[in-house]
Structures are given as C-alpha cells and as structure tokens.
1. In the range 271-296, which residues are part of a helix (DSSP H, G or I) and open to solvent by 50 Å² or more (accessible area, probe 1.4 Å)?
2. State the number of residues belonging to the range 65-86 that are touching a residue at least 40 places away in the same chain (Cβ under 8 Å) and closer than 13 Å to GLU122 by Cβ.
3. Looking at (1) out of contact with any Asp or Glu (no Cβ under 6 Å at 6 or more places or on another chain); (2) open to solvent by less than 20 Å² (accessible area, probe 1.4 Å), which one does ARG299 not meet, given that it meets all the others?
4. Looking at this structure, is TYR121 crowded, with 16+ Cβ neighbours inside 10 Å and either of a type in the set (A, V, I, L, M) or assigned to a helix (DSSP H, G or I) (or both)?
5. Take the range 136-184 and flag every residue that is basic (Lys, Arg), in a loop (DSSP other than H, G, I, E, B), surrounded by fewer than 18 Cβ atoms within 10 Å (Cβ to Cβ) and touching a strand residue (DSSP E or B) at 6+ places or on another chain (Cβ under 9 Å).
6. Which one is most open to solvent (accessible area, probe 1.4 Å), of the residues in the range 223-258 that are at pLDDT below 85 and either among the small types (Gly, Ala, Ser) or farther than 30 Å from GLY274 by Cβ (or both)?
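The values are calculated or read from the model by the stated rules, or taken from the named source; none is laboratory data. All values reported here derive from a predicted model rather than from experimental measurement. All Cβ positions, glycine included, derive from the backbone under ideal geometry; neighbour counts span all protein chains shown. Ligands, DNA and RNA are excluded from the accessible area calculation, which covers all protein heavy atoms including side chains. Shrake-Rupley method; radii C 1.70, N 1.55, O 1.52, S 1.80 Å.
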Amino acid sequence: MGILLNCFGGSSSTSKKQPSTSVEYLCHRFSLAQLRKSTNDFHESHFLGQGRHGPAYKGSISINGQLKDIAVKRLGTRSSISSDGLTLYKNDVVFMCQLHHPNLLSLVRFCDDKNEMIVVYEHAPNGSLRDLLESKPPTFWWKKRLEISIGVARGLHYLHSGTKRIIIHRHIISACILLGENWVPKLSYFGFSLRGPKFSAKDMKPLTLESVKGPRGYIAPECFGGSNVTYECDVYSFGVVLSELICGKTLSQISELEGRTGRAEGIIDETLVGQIAAECSKLYMDIAESCLSEDDNERPDMGDVEVQLERLLQLQEEADSTNASL
C-alpha cells in the first residue's frame, strides 16, 4: 500500500464521508523513476526553492503525449515528516484534486514510491508575487498589478461561491500567489483550507476552531478575539495583498517603514507615479480599505470586489487612451 495514498484515504479506509479511492480517481500517480528522470535525479540545476516541508524542483514530463513543465515538491519519507506536516499536505492534495479554476494552481499528480512522498504541481514560471515585490525595484507596471489583483479576486470568488460549499482558503499571502504564463496569478497551498456552509445557506454560521493559525499581519482581527472563521477572513487577507501591490512592498517591508516613520505616508511605490489615473488611485484605496474593515460584516463579497477592480481597470485603460491621444 502506498504511503501517500494510504494517508490520503487509500483502499483501507472505511470512511463514508471521504470515498476510499477518491484521491486515486482524481489524481494519478507518477513513479519515482519518472520524476528522477524529469529532474535529472533532482539535480541542483533544477532546484526551485526550499519550502517549509521540503525542496522543490523543476521538471519536464510527457503527459498524454504533451511535454509539460512541472514543479516537483519532495516531502521526504514517512519518518521525516511531522504529523502536522502530513495533515497539511493531505488537505492540500484533497482540495486541489477537486478544485479547478484558471486562477488556482493545478495539482498534476503525486508520487508514493519507494518510501518517497512527492507532490507534483504545474510549474509557475514567474515565481511568486512575493518574489516580484522583493525585486529592487518591483519590475511590473500598474496595469499588470491591477490584472494580478483581478485574477486573485476571481480565484477567491470561485472558492467562496463557485462550489457547493464555501471554501475558506485561510492562507492568502503574496508567497502563495504564484505567477504562471503571461503573469496569470494562481492561488496555491490549500493546507489550511476549510469547507464552510453551503453557499445557498441563509444562516452562514462561522466555523469554530480550537486555534487560528496563519501568517501574522494577514490574519483578520476577529480571529484573535476567538477562533471563529468565515470567508470574510479571506477578504481581509486579500485587502493586505492589495496594499502590497500598490506599495510595491511585502507586508514585512511596509511594517518596517511604518515603524520607522510612525505613519503610512510615503510608502506608495514611487515607480507608479504618473502611471495611475487620479480617480483610479482613490478607488483602489477605497476597495482595499473596505476589505480591511475591522468589522467583518462591513467587508464586501469577493464577487463585488472582482467587479469593482474590473471597472477600475477599464477606467485606467480609458485614461491611458485619452492621454495617448493628446
């Protein structure tokens, strides 16, 4: 019995809530030999980075007759992975097997062979949003930042209202927003995600957890007063990402500057001067502030945010066209 399949609900499972072969049906497996070949035996030249639970490598492999670039995340062996780490990756794989949207990272397959535990994702050639923000200076213009924010909003809108039950991501941070071909943003890492109530439910009660985990600064304030989680928590985290995009800085960099000056003035990305239409700048900040409302009931739904950002992009393009004709 494969380790990973067994841990994800293999054929020995008797649970009625999680079909025993659901992961096997939804996500096929690679052999270790296939992944060794695709990464040149995990050679350092294929190394993408070190995550919390193991290294990742870039590979290329033929799937259904087509060569596909992949990211191979090597988790290790059963003895080397903590129970918490295994639980997080089980959650990640189960969600990603069943969720499909252009703005969500795709799970390709997994490998549970010769005591190795490996998860294979589609490769995001442009890294993460955090990588982009940490470049000196950030090397992407205002319209591209708007397009990235719209893509993330679409992905969250799908999670919150595009499935039978609301999916609360709980880890919306710039490091988990990967950038695919043409800089299309893709939400990744569903290890902390939860299934909420049905979207059509009239009374959407919050989920109560023993503790709320997540990156400090991105977590909604109501989570610290208790352990209640709703999809509005994702909206708050998205507001933080909007702030990072217009500031051209990561949250930690923004916090550091605010700590030195005692105020938020002067942290808007200077490279955007002259790119943002005056009306668009104000509207963008209004959207971000509404997402960051201390009162979770005052935060907008992601569908409304998506529409507002799309309108904002349209206004920006109209302003650019007018300026170009002068």
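1. Matches in the range 271-296: THR271, ALA278, GLU279, LYS282, LEU283, MET285, ASP286, GLU289.
2. Selection size over the range 65-86: 6.
3. Here ARG299 meets the rest and fails (1).
4. no
5. LYS164
6. Among them, the one singled out is PHE224.
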